[in-house]
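Here's the structure, in C-alpha cells; my notes come after.
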Amino acid sequence: MKRITSLISLLAITFVYISGLSAQTTTSDLASLGLHVIPYPQEVQLGGNDFLFLNKIVVNLDNNASEVDRQTAEYLKQELEQNWGLTVIVGTNTTEGILLTRRVTPHLFKTQGYSIETNTKAITISAKDEDGLFYGVQSLLQLIKKSGQDTYVPGMKILDWPDVEIRAAHYDTKHHQDKASYVKSFIRDLAKYKINMLVWEWEDKLAYESHPEIGAPGAFSIEEMQEFTKYAKKYHIELTPLVQGLGHVSFILKWPQYRDLREVEDSDWEFCPLEEGTYDLLFDLWDEAMEATPGSKYIHIGSDETFELGLCDKCQEKAKDIGNSGLYHIFANKAAAHLKKSRKVMLWERPMGWAKSRSPIKNMVPDTDLVLTEEYHYETPDFKNAREAYKMGFEMFMYDPNPGLEPLFLPYHFKIRGGKKVDGSLKASYDLLVPSADSDLFHGMINTSWDDSGLHNQMWMLSFATSAQYSWNAMAPGLGEFEESFFANYYGENLIDMKELYELLNEGAYYYTHTLERNIWHHGEIGKTHLPDLPRGQYIEYDPFWNTEYKDKVIQSRKQLNKIERALQIIQINRKHATKNAYDFEVYRSIAKLIQHTCLTYLDLSELEYTITQAHKNAFSNRKASLESLLKAEQIIENSLSRRQEVYNDMVLVWEKTRLPKGMSTSKKKYFFKMDRSRHFANRTPDMSYLLYDEQLLDMEGYLKKLKKYRESFQLEF
C-alpha cells in the first residue's frame with residue numbers, strides 16, 4: 001500500500017479499498033486548508049512557516065539548469081504573472097523566492113518525483129529529473145492561496161511521485177476536428193493533472209501526403225502536427241498518433257479505389273489481413289503519422305472490433321488452421337515488424353486475449369514487443385492474465401474504458417441498466433484504477449474517450465482528471481472529496497451545486513437518448529414516436545389516441561422539464577462565478593437547452609392533439625371556434641420548429657468556437673460523407689444535425705403543410 005501522512009486517512013482508505021465501496025474518507029490534510037490539488041500528493045506534512053509572496057519574486061534555477069528546466073521556470077513565471085498579478089524574475093543567484101533545483105540525492109527521489117518545502121524566505125522544489133521539476137511546479141500552482149491582500153503558500157512539506165509511469169488520455173476526433181487553439185489549451189489542461197501522454201485518434205484529420213484523398217477538408221498538415229508535438233513536449237506530454245489498423249477504417253475504405261482491400265466487399269469497416277495491399281497502404285499512413293510526431297516513442301494501431309474478420313474466402317480457409325485470433329495476429333505481427341524499428345507499437349489487445357479467444361487452434365502468439373492497451377482485470381480479479389502476460393515480457397497499460405456512449409453528457413454518477421440505476425463511470429474508474437495502479441504490473445494507464453456519440457470534448461475533463469488522480473496516487477482521498485476538489489480546481493471556488501448539475505445532465509442525457517428513435521442506433525427494436533393524427537373530412541373527424549399511447553412519456557417529459565430548468569438555473573449562476581474554464585458552462589447550457597427542447601416537443605405534441613380534439617368537438621356547434629383551434633394547432637407546430645432551429649443554431653455557434661464546422665467542405669476539397677458500418681450516433685449526418693436527426697424524421701414540416709391545407713379547405717367551406 002502507498003504511504004500517506006495521516007494514519008486515520010490511511011485506515012479509512014484501506015477499509016474502502018478492501019470493501020470495494022466508493023471512497024468516502026475523512027477530509028485530507030490539504031482539503032482541510034481549502035486547497036484542491038490534483039493529483040493528490042503521496043505524502044503531505046503540514047506545519048512550519050508559510051511563504052508569503054511579495055509583489056516582486058525571483059524564480060531561482062541551478063547554475064547548470066537544462067533548457068527544459070529553464071522552460072519550466074518560464075512557465076511558472078508566466079502563470080504567476082497572469083493568474084496572481086505578481087512580478088517575476090527568473091535568475092540563478094539567490095536563495096530566496098522560489099528555488100527550482102535538481103541538486104538532490106538521487107536515491108531519495110523516484111522517477112518523475114519531486115518535493116516541495118516552504119519557509120518564510122523560500123519555497124524549494126526539488127527533483128532528480130526534468131519531469132519531476134515540472135510536476136512540482138504544477139502542484140505548487142495549486143497550493144497558492146489568497147487571504148485579503150496576501151498571496152501565500154501554507155507551511156508544509158510534500159514528497160510525491162507517480163504510481164504509474166505513463167498516464168495517457170485518449171483523444172478521439174474521428175467525428176469532429178478541434179481548432180489548433182483548442183488543441184493547445186487541451187494539452188495545457190492535461191499537463192496540469194500530470195497526464196504525460198496524449199493518444200490522438202485523428203483518423204482523417206491528418207492531411208496525408210501519400211494519399212491526399214483520405215485527409216478531410218481542413219485536416220492538419222504534417223507540419224501542423226509536428227508543431228502540436230513540439231508544443232506538447234513543452235508541457236511534458238508525448239503526442240502519440242493512433243491511426244486505426246485492421247478495424248475501424250471506414251475513413252480509408254469508404255474510398256472506392258480501396259474497395260479490393262476490404263474483408264467484405266460491402267463493408268468499409270475493416271481490411272483483409274491477407275491482402276498485401278493492406279500493408280502497403282497502412283505503412284504509408286503510419287509512416288506519415290510518425291513523421292508528424294517526431295521524437296515520440298509510441299504509435300497506436302487500434303485494430304479492435306474486427307466484426308467481419310474471417311469472412312472472405314482466403315481468410316475463411318486460413319482460419320481453419322489458426323482461427324480468427326490467428327488472422328488478427330498475422331496482422332499485428334506484420335505491423336509490428338514494420339513499425340517497431342522506429343516506435344513501440346500499441347494496440348487494443350488484452351493480456352492473454354489470444355489464449356481466451358474462440359479460435360479452434362490457439363497457436364498464434366503475438367509479438368511480445370507489442371504494447372497491450374486493453375485490460376479487463378475484472379475477468380480475473382487476481383490479475384491472473386496480466387501476471388502471465390507480464391512474465392512473457394509484454395508491456396501493458398491499464399485500460400480505463402469510455403464512461404459511456406450516451407449522447408450529450410457522460411454517466412458519471414449513474415448508468416441505467418434494465419430500467420434501474422447502477423453505479424456510474426466515476427465509481428467504475430476508481431474500482432479499476434486503485435487495485436491496478438497498486439499491482440505494479442502496468443507500465444501505463446490509458447483513459448479512453450470514444451467520440452461515437454459526438455460529445456463535446458470538454459465533457460470528458462472530469463474523466464481525464466479522475467484517471468490522472470488514481471493512476472498517479474492509488475491511495476489518494478476518495479471520490480467524494482476528489483470530485484469536490486475537481487470542481488473547485490477546474491472552475492474556481494465560488495461555484496454552487498456542481499454535483500447536482502452533473503447528476504441532472506446525467507439524467508437528462510438518458511432522457512434524451514430514450515426519446516424518439518435515438519437509441520435504435522445501438523439497441524435495435526425499441527419503438528418510436530410518431531405524430532398525432534391529422535383531422536379529416538368535412539366535420540373534423542379525429543382519433544385522439546396520441547395522449548393515450550404516450551401518456552408515460554408526457555409525464556416523464558414534464559418531470560424532466562422541471563429538472564432541466566433547475567440545471568439551467570445552476571448553469572446561469574455558475575457562468576457568472578467561474579474564474580476558469582467558463583466556456584464549459586456555455587456547452588452545458590447548449591446541452592440543457594436541447595434536452596429542454598425535447599421535453600417541450602413532447603408537450604407540444606400533447607397539446608397539439610388536445611387542440612385538434614377541441615376543433616373536432618366544436619365542428620357542429622361552433623365552426624368559428626373550430627377554425628381558431630386549427631389555427632392554434634398550426635401555431636404550436638410553427639413555434640416548436642422555430643424553437644428547434646434556435647436551439648440548434650445556438651449549439652452550433654457554441655461548439656464551433658473550439659472546432660471546425662462538422663463535415664466542412666472547402667473550395668479546394670469537398671467532404672466525402674458515408675455512414676460507417678457501426679452506425680455511430682455522430683456519423684448519421686455529415687453536420688451537427690445528427691443531434692436533431694430523429695426529430696427531423698417526424699417530419700413536422702410535412703405535417704404542418706397538410707394541416708394548413710386541411711384548415712384552408714375547412715375555412716373555405718365555412
ask   = Hey, of [x] 35.9; [y] 33.1; [z] 40.1, which did the structure itself give for mean projected area of the Cα convex hull in nm² when calculated?
value = [x]
ask   = What's the angle, to the nearest 10 degrees (0 to 90), between helix 222-234's Cα axis and the longest principal axis of the chain?
value = 50 degrees
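With loop defined by DSSP as not H, G, I, E or B, and exposure as at most 11 other Cβ atoms within 10 Å, which is the longest segment of the chain clear of exposed trypsin sites (Lys or Arg not before Pro)?
No qualifying site falls inside 359-667, the longest such stretch.
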inquiry  = Students often get this wrong, so check it: of Lys356/Lys421; Lys145/Lys427; Lys128/Lys192, which have C-alpha atoms separated by over 27 Å?
reply    = Lys356/Lys421; Lys145/Lys427
task = Would you please give the residues with an amide H less than 5 Å from that of Glu395, counting only those at least 5 places away or on a separate chain, with H modeled from the backbone geometry?
result = Leu372
remark   = Carbon plus sulfur, as percent of the 1.4 Å-probe accessible area of the chain, comes to 50 percent
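Within a Cβ distance under 9 Å of Ile116, other residues only, what is the Lys/Arg minus Asp/Glu net charge?
Working: positive: Lys157; negative: Glu117, Asp160.
Cβ neighbours under 9 Å give a net charge of -1.
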remark   = Given Cβ charges of +1 for Lys and Arg and -1 for Asp and Glu, the option among Phe220, Trp202, Tyr235 whose Cα lies farthest towards the positive end of the dipole of segment 160-308 is Tyr235
request  = Express in whole angstrom the spacing between the alpha-carbon centres of segment 376-439 and segment 233-273.
outcome  = 26 Å
request  = Quick one: which residues, 5 or more positions from Trp200 or on another chain, have an amide H under 5 Å from its amide H? H modelled 1.01 Å from N in the peptide plane, none for Pro or chain starts.
outcome  = Tyr171, Thr240, Leu242
message = Can you find, among Ser667, His680, Thr611, the residue sitting farthest towards the positive end of the charge dipole of segment 603-718, where Lys and Arg contribute +1 and Asp and Glu -1 at Cβ?
response = Ser667
query = To the nearest 10 degrees, how steeply does helix 700-717 sit against the main Cα axis of the chain, on a 0 to 90 scale?
reply = 20 degrees
ask   = What does the accessible area per residue of segment 602-704 come to in Å², with a 1.4 Å probe and no ligands, DNA or RNA counted?
value = 46 Å²
query = Which entries in Lys157/Lys344; Lys179/Lys668; Lys340/Lys415 show an alpha-carbon gap greater than 30 Å?
reply = Lys157/Lys344; Lys340/Lys415
remark   = Relative to the chain, whose Cα atoms define the longest principal axis, helix 498-513 and its Cα axis are tilted in degrees, nearest 10, by 40 degrees
remark   = Sorted by chain and number, the residues with a modelled amide H under 5 Å from that of Met346, at a separation of 5 or more or across chains, are Ile299, His300, Ile301, Val371
request  = Using the charge dipole of the chain (Lys, Arg: +1 at Cβ; Asp, Glu: -1 at Cβ; taken about the Cα centre), state which of Phe383, Thr278, Ile301 has its Cα farthest towards the positive end.
outcome  = Phe383
inquiry  = I need to check one value: relative contact order of segment 128-200, counting alpha carbon pairs closer than 8 Å and at least 6 residues apart, in percent.
reply    = 35 percent
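Provide the per residue accessible area, probe 1.4 Å, for segment 309-350, rounded to a whole number of square angstrom. Spell out each step's value before the answer.
Numbers: 1820 Å² over 42 residues.
Value for segment 309-350: 43 Å² per residue.
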remark   = Between Ser621 and Lys559, Cβ-based FRET efficiency (R0 51 Å, step 0.05) works out to 0.90
ask   = Taking a probe of 1.4 Å, how large is the accessible area per residue of segment 424-487, in Å²?
value = 13 Å²
task = Rounded to whole Hz and in sequence order, give me ³J(HN,Hα) for segment 541-554 from the Karplus expression 6.51 cos²θ - 1.76 cosθ + 1.60, θ = phi - 60°, writing x for Gly and Pro.
result = 5, 7, 10, x, 9, 4, 5, 6, 5, 10, 4, 5, 5, 5
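R0 = 56 Å: FRET efficiency of Thr94 with Ser210, Cβ-based, nearest 0.05?
Values: r = 54 Å, r/R0 = 0.96.
Efficiency, rounded to the nearest 0.05: 0.55.
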query = At a probe size of 1.4 Å, how large is the accessible area of Trp546, to the nearest 10 Å²?
reply = 0 Å²
query = Any idea of Glu305's accessible area? Nearest 10 Å², probe 1.4 Å.
reply = 80 Å²
inquiry  = Along the Cα→Cβ direction, 7 angstrom out, place labels at Leu52 and His338. What is the inter-label distance in nm?
reply    = 6.5 nm
ask   = Tell me, what HN-Hα J-couplings in whole Hz come from the Karplus equation 6.51 cos²θ - 1.76 cosθ + 1.60 at θ = phi - 60° for each residue of segment 126-133, using x for Gly and Pro?
value = 10, 7, 9, 9, 5, 4, x, 5
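Over the chain, what is the mean sequence separation of C-alpha contacts under 8 Å (at least six apart), divided by residue count, expressed as relative contact order in percent? Could the numbers behind the result be given before it?
Details: 1315 pairs, mean separation 89.7, N = 718.
With pairs under 8 Å counted, the relative contact order is 12 percent.
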request  = Calculate one ³J(HN,Hα) per residue across segment 309-317 by plugging θ = phi - 60° into the Karplus curve 6.51 cos²θ - 1.76 cosθ + 1.60, and present them in order as whole Hz with x for glycine and proline.
outcome  = 4, x, 9, 6, 4, 5, 6, 4, 5
query = If you place +1 on the Cβ of every Lys and Arg and -1 on the Cβ of every Asp and Glu, how big does the dipole about the Cα centre of segment 139-240 come out, in debye to the nearest 20?
reply = 740 debye
query = Taking R0 as 51 Å, what's the FRET efficiency between Ser147 and Val104 from their Cβ-Cβ distance, rounded to 0.05?
reply = 0.95
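The values are calculated or read from the model by the stated rules, or taken from the named source; none is laboratory data. The shown structure was predicted, so the numbers you read here are calculated from the model rather than taken from an experiment. Backbone-built Cβ (ideal geometry, glycine too); neighbour counts: all protein chains shown. The area values use the complete protein model at the heavy-atom level, side chains included, leaving out ligands, DNA and RNA. Shrake-Rupley method; radii C 1.70, N 1.55, O 1.52, S 1.80 Å.
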